[in-house]
């Protein structure tokens, strides 16, 4: 006689920002009392945020965002060797949709994608082998369910209510010593600031506006090494979380270098406001219901561009009072006027 208990596999190997939108869905599976074992596949980018899943039911496996041939083979073998009851495809990667064809005794639940020009992932043929699926209509011209709600409706078999998250990861002693008690947080995406033409002078103007409302600014950037490492080190207070090097340039801005995982989450958690280009940082801020100014950067040159950005906005924008967005301008003064209104 088959047990009512079950082994669930969740495929979620994508960016951290996307992972945030999947948390309500994943927790609806975790909170199902019939589920005793969960194997969760996360991307290497999300590895530092495994504290989201501190639950004895969950076994985490780390794979690449874009699977290598070897990883595809290993994943296939994993399905052969393990008794699996259900699989939730929350990262709609093409390869995952071939698995239901080969493992027909397993119930597969999936998020599928429809886009313009009749693009479908997976094709209708492969959708026939899914036990249940929801379609993310990126081809839509109408307002639609956010990604988080769509995934939650797919995974919530027990009709559980959504719960607020309360993550309190350990903060490193060195970081705790350097964090002020009252600060606004800003994250730089070099690719976007370059396209906007925002250099060090524009950023200084931005930070000067921040300090009209908050005594300190915490600044971070993506962890790759570029010219901003040296520029920020020379112009602002500097702290490196790998070497613990600290330089006091008598600035109201503290640039924290080489920050990730728990420390990054805590910097956002303890901030008074989050200002960042749309993505990982704004999504992490939304987990804590932080006041957020989402700099939603757009490059619109056609109707399809407009529709893609509009759909992306509806797909990923969190819903709560205090989450605001603006479209940043190459003219920093125009952007400052928009930001000032929201800072007030």
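Tabulated values for the structure
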read-out: Filter result for residue 118 (outside the structural domain of residue 317 (by TED's automatic domain parsing), in contact with a strand residue (DSSP E or B) (Cβ under 8 Å, 6 or more places away or on another chain) and either more than 24 Å from residue 18 (Cα to Cα) or loosely packed, with under 12 Cβ neighbours inside 10 Å (or both)); value: no
read-out: Residue within segment 98-107 that is over 27 Å from residue 145 (Cβ atoms), in the same structural domain as residue 30 (by TED's automatic domain parsing) and outside any loop (DSSP other than H, G, I, E, B) present; value: yes
read-out: Test for residue 20: is it part of a helix (DSSP H, G or I), assigned by TED's automatic domain parsing to the domain that holds residue 109 and surrounded by fewer than 22 Cβ atoms within 10 Å (Cβ to Cβ); value: no
read-out: Tally of residues being surrounded by 13 or more Cβ atoms within 10 Å (Cβ to Cβ) and under 30 Å from residue 108 (Cβ atoms) across segment 159-169; value: 4
read-out: Output for segment 170-199, where each listed residue is surrounded by fewer than 18 Cβ atoms within 10 Å (Cβ to Cβ) and part of a loop (DSSP other than H, G, I, E, B); value: 170, 171, 172, 180, 181, 182, 197, 199
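The values are calculated or read from the model by the stated rules, or taken from the named source; none is laboratory data. These figures come from a predicted structure and were not determined experimentally. Glycine gets a Cβ as well: all are built from the backbone with ideal geometry, and neighbour counts include every protein chain shown.
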